[in-house]
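The structure under discussion appears below in the form of structure tokens.
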Amino acid sequence: MSERQGIIAKNIANANTPGYVARDIEAPRSGHARKHRLGMVRTSSMHMSGNMPSSSSRLIDDTTAELKPNGNQVDLVHEVDKASQTNLDYNLTTNLYKKMSGMMKKAAGGQ
């Protein structure tokens, strides 16, 4: 999700750049999440190394906005809506993970 937030921020930053075409990340297809599991992240040099999967996201042109006379295709309202939706998706995912983690701790006999 942070990758999409970065792309949205770049779109907003280039809202007045002539010829700039807004970008977005292709939405995952049905079953896509099951095929591409999240990989481990090495946050310390003491962690074991492993195969790090490349990003499964695909960058696409976002052609939903109207083309302006200078060739720019960024709609700020649309970009802010996408940023808000990305934030809501992140919060939902984080809360689901917290709930699942709490249930697993409770099932294992923890407090």
Taking H placed 1.01 Å from N in the peptide plane, check which residues at least 5 places from Asn72 or on another chain put their amide H under 5 Å from its amide H. Gly19, Tyr20
Simple spin-label estimate for Lys10 and Asp61 in nanometres, 7 Å along Cα-Cβ: 1.6 nm
Given a 1.4 Å probe and the protein chains all in place, what does the accessible area of Thr93 round to, in Å² to the nearest 10? 70 Å²
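Accessible area per residue of region 54-97 at 1.4 Å probe, in Å²?
Working: 3140 Å² over 44 residues.
For region 54-97, the per-residue accessible area is 71 Å².
Can you tell me how much longer the chain between Asp89 and Met104 gets when fully stretched, taken as 0.36 nm per residue apart minus their C-alpha distance, in nm with one decimal? Please report the intermediate quantities before stating the final value.
Values: separation 15, 0.36 × 15 = 5.40 nm, distance 2.25 nm.
Full extension of this stretch gives 3.1 nm more.
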Area accessible to solvent at Ser45, 1.4 Å probe radius, in Å²: 100 Å²
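The values are calculated or read from the model by the stated rules, or taken from the named source; none is laboratory data. What you see is a predicted model; the values in this text were computed from it and never measured. Note that we place each Cβ from the backbone using ideal geometry, even for glycine, and neighbour counts take in every protein chain shown. Side chains included, ligands, DNA and RNA excluded: accessible areas come from the protein's heavy atoms. Shrake-Rupley method; radii C 1.70, N 1.55, O 1.52, S 1.80 Å.
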